[in-house]
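Notes for the one structure printed next.
The values are calculated or read from the model by the stated rules, or taken from the named source; none is laboratory data. A quick note: this is a predicted structure, and the numbers were derived from the prediction, not measured. Glycine gets a Cβ as well: all are built from the backbone with ideal geometry, and neighbour counts include every protein chain shown.
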Amino acid sequence: MFDPLAALRERSGPGCDVYLTGTVFLDIIFTGLDSAPVRGTESWARGMGSSPGGIANMAAALARLGLRTSLAAAFGDDMYGDYCREELETGEGIDLSLSHTVPGWHSPVTVSMAYEGERTMISHGHEAPPGPHAPPHREAGTAYDPDAPPCPPPAAACVSSLVPGRPQEWVATAARRGSRVFADVGWDETGRWDLGALAELAHCEAFLPNAVEAMRYTRTDCPRAAAHALAEHVPLAVVTLGAEGAYAVDAGTGETAHAPGIPVEALDTTGAGDVFVAGFVTGSLAGWPLPDRLAFAALTSALSVQEFGGSLSAPGWPEIAAWWRSTGCAQEPRRTRYAFLDRILTGCAAAAPPRRAVPTLGFRPPES
């Protein structure tokens, strides 16, 4: 696999590039719906895929970009859990040594319905119970095995999804150990949209909410104004704009950058935000300028929505190289904006197509 950080790592450096923890779902995705399901009727989808989801979206996107990725998560001891673990560990090369299987706990499941460029999701699951040796004050949202090696492990970076009012003490620990912290955020179910409730924001190098989240947290009516307001709380504010790209503000230098969206035919937008963050983290660890990091993240996100599912839709370097050589360099201004890929892709050779979401969890091998 092409490794964008090969020339930058030090022998005495951490054993992994990125650490993350969270909940792994089994995602079942229906696409090709003409409209939202209507109560009392049956809808048929023209396409379907299954893949690991939840935090697996981010982990797979990072691993496919060549980053050594460590994931701490709980897995159910059902067939769904076995499938997700196999896909992530064997299929994507993600380090799961800090993960564990919970006896008697079933895997969380999300059904996603994609139509008209959007998606509607229904999920079911229960919080993973603490392990037999977990301390009574085990923090919410952390599923790693307390008997595993030190967690969080030494890592160049870590990625967290901030939850209002739910402290994640491991983020502060990772920051103290020298990890660069990148974070996004989900919908605030409390409706308060209070930045003060995101305690870990103080430890973040970059905060990457979407436009709606950013405007609600900053009480602004413009994504760019929201990015500037967030830059008063975090060194680097990045606001994603969906199909319109992204906008970023560096609080230290005052630099701003905008990456326009890349027009593609969207099949399924599940996990697009996670892929964006993975692309931005990759560029950050590689030391690229802010405009290049933002443009690269927008590209990886756009490529991902052309495939089923969140985790297995993420692009790898061969797909990025194919886009650049066939489409990206074909016309201005894209040719100028992505010219930095020429230098990066020098050592990127052709590879087998990546694994994709399929309708079923797996086929039995033919009988001999």
Problem set entry | Test set (1) buried (at least 19 other Cβ atoms within 10 Å of the Cβ); (2) part of a strand (DSSP E or B); (3) at pLDDT below 95 - T120 fails condition number | (1)
Exercise. When you scan region 81-109, how many residues do you find that are among the acidic types (D, E) and either in a loop (DSSP other than H, G, I, E, B) or surrounded by 19 or more Cβ atoms within 10 Å (Cβ to Cβ) (or both)?
Worked result: 3
Seminar exercise, completed: Exactly one of T269, T240, T253 is polar (S, T, N, Q) and at pLDDT below 95, and that residue is T269
Exercise. Does region 50-66 hold any residues that are over 7 Å from S311 (Cα atoms), crowded, with 24+ Cβ neighbours inside 10 Å and either touching a Pro at 6+ places or on another chain (Cβ under 8 Å) or free of Cβ contacts under 8 Å to residues at least 12 places away in the same chain (or both), and which are they?
Worked result: G54, R64, L65
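One line per residue, one yes/no per condition, for (1) under 27 Å from G287 (Cβ atoms); (2) surrounded by fewer than 16 Cβ atoms within 10 Å (Cβ to Cβ); (3) among the aromatic types (F, W, Y):
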residue: R176; (1), (2), (3): yes, yes, no
residue: N210; (1), (2), (3): yes, no, no
residue: A214; (1), (2), (3): yes, no, no
residue: D221; (1), (2), (3): no, yes, no
residue: H228; (1), (2), (3): yes, no, no
For this session: Find the residue count for region 236-270, including only residues that are surrounded by 24 or more Cβ atoms within 10 Å (Cβ to Cβ), part of a loop (DSSP other than H, G, I, E, B) and of a type outside the set (S, T, Y).
Result: 1
Problem set entry | Pairs where the first residue, in region 252-267, is more than 11 Å from L294 (Cβ to Cβ) and the second is β-branched (V, I, T) and crowded, with 16+ Cβ neighbours inside 10 Å, C-beta under 7 Å, 6+ apart | V264/V305; A266/V305; L267/T31; L267/V305
Exercise. Looking only at region 190-206, which residues are touching a residue at least 24 places away in the same chain (Cβ under 8 Å) and part of a loop (DSSP other than H, G, I, E, B)?
Worked result: T190, R192, W193, D194, L198, C204, E205
For this session: Return yes or no: is G279 over 28 Å from I28 (Cα atoms) and either under 16 Å from the mean Cα position of the chain (by Cα) or in a loop (DSSP other than H, G, I, E, B) (or both)?
Result: no
Seminar exercise, completed: Checked P136, P154 against criteria (touching a Gly at 6+ places or on another chain (Cβ under 7 Å) and at pLDDT below 95); the one match is P154
Exercise. From the residues in region 14-48 that are among the acidic types (D, E) and in contact (Cβ under 8 Å) with a residue 24 or more places away in the chain, which one is nearest to V181 (Cα to Cα)?
Worked result: D17
Seminar exercise, completed: Within region 178-208, residues aromatic (F, W, Y) and within 15 Å of V281 (Cα to Cα) come out as F182, F207
Exercise. Taking region 154-189, which residues are over 17 Å from the mean Cα position of the chain (by Cα) and part of a loop (DSSP other than H, G, I, E, B)?
Worked result: P154, P164, G165, R166, P167, Q168, R177, G178, S179, D188, E189
Problem set entry | Index of the failed condition, S112 passing every other in (1) surrounded by 14 or more Cβ atoms within 10 Å (Cβ to Cβ); (2) closer than 28 Å to G316 by Cβ; (3) out of contact with any Phe, Trp or Tyr (no Cβ under 9 Å at 6 or more places or on another chain); (4) at pLDDT below 95 | (3)
Problem set entry | Qualifying residue in region 7-29 (condition: within 17 Å of the chain's Cα centre (by Cα), assigned to a loop (DSSP other than H, G, I, E, B), at pLDDT 90 or above and surrounded by 14 or more Cβ atoms within 10 Å (Cβ to Cβ)) | yes
Exercise. So which residues in region 271-297 are among the hydrophobic types (A, V, I, L, M, F, W, C) and surrounded by 24 or more Cβ atoms within 10 Å (Cβ to Cβ)?
Worked result: A272, V275, F276, V277, A278, F280, V281, L294, A295, F296, A297
Seminar exercise, completed: Counting only residues in region 336-368 that are small (G, A, S) and not in a helix (DSSP H, G or I), the one modelled with the highest pLDDT is identified as A339
Problem set entry | Residues located in region 84-117, provided they are acidic (D, E) and under 22 Å from T270 (Cβ atoms) | E86, E87, E89, E92, E116
